[in-house]
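Engineer: My questions will all concern the structure given below.
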Amino acid sequence: MTPVAEAQPPSPSPLGEAVARVGDRWALLLVHALLAGPRRFNDLQKDVPGIAPNVLTQRLRHLEREGVLVSTPYSQRPRRVVYELTGAGQELAGALRLLAQWGAGAGRSDDAEPLRHPACGTALEARWWCPTCARVVDDDDVGDEGVIHL
């Protein structure tokens, strides 16, 4: 009898990896709150309305395991920590801006205000930029697999 080769699970996509790391509602709201700087547990509870303390604890631990934030003790008895984004966590600022822009898009919500340029008040538009080619890359130039076709 010929041995049957086991099917290899498909390798996760970059988007799948990102969603696994920070893809739930609370994680993204916590990252957004931490973009303003280090925060304590109670500060984060105020900054992220509606999050239960046990959920906050779980998400903070998950984000720390994923390398998105670090906790630094400021008191040993009782043990208390301050939370701060790592460099990887700071890099999420651009993705959060894109999500906010999408959330403020046409037909989404009358209350959502788009991001605006402080100098002139115009609503901002996100564009992909290729530093090698020194040009804006349009959606038409991006293939199905996220590969740019020029």
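Engineer: May I ask you to compute the full-extension gain from Ala52 to Val81, defined as 0.36 nm times their residue separation minus their alpha-carbon distance, rounded to one decimal in nm?
Structural biologist: Between Ala52 and Val81, full extension yields 8.6 nm more.
Engineer: Just the number, please: carbon plus sulfur as a percent of the accessible area of region 43-142, 1.4 Å probe, no ligands or DNA/RNA counted.
Structural biologist: 50 percent
Engineer: Given labels modelled 7 Å from the Cα in the Cβ direction, how far is it in nm from Cys130 to Glu17?
Structural biologist: With each label placed 7 Å out from Cα toward Cβ, I get 2.2 nm.
Engineer: May I ask you to order 120-129, 66-75 by the average number of other C-beta atoms within 10 Å around their residues, highest value first? Display every interim value, and only then the final one.
Structural biologist: On the way: 120-129: 9.5, 66-75: 14.4.
So the peptides 120-129, 66-75, ranked by packing, come out 66-75, 120-129.
Engineer: Turning to a different aspect of this structure: In debye to the nearest 20, how big a dipole does region 13-136 give about its Cα centre with +1 on each Lys and Arg Cβ and -1 on each Asp and Glu Cβ? Intermediate results must be reported in sequence, preceding the final value.
Structural biologist: Numbers: 16 positive and 12 negative charges, 84 e Å.
In total the dipole reaches around 400 debye.
Engineer: Amide H neighbours of Arg80 under 5 Å, counting only residues 5+ apart in sequence or on other chains, H built in-plane at 1.01 Å?
Structural biologist: Tyr74, Ser75
Engineer: Does region 5-108 come out rounded, prolate or oblate, given a ≥ b ≥ c as the square roots of the eigenvalues of its C-alpha gyration tensor, rounded meaning a/c under 1.5 and, failing that, prolate meaning a/b above b/c?
Structural biologist: Details: a/c = 2.10, a/b = 1.30, b/c = 1.62.
Because a/c hits 1.5 or more and a/b fails to exceed b/c, region 5-108 counts as oblate.
The values are calculated or read from the model by the stated rules, or taken from the named source; none is laboratory data. Just so you know, these numbers come straight off a predicted model, no measurement behind them. So basically every Cβ, Gly included, is an ideal-geometry build from the backbone, and we count neighbours across all protein chains shown. Ligands, DNA and RNA are stripped out before the accessible areas are found, and what is left, the full protein with its side chains, is counted by its heavy atoms. Shrake-Rupley method; radii C 1.70, N 1.55, O 1.52, S 1.80 Å.
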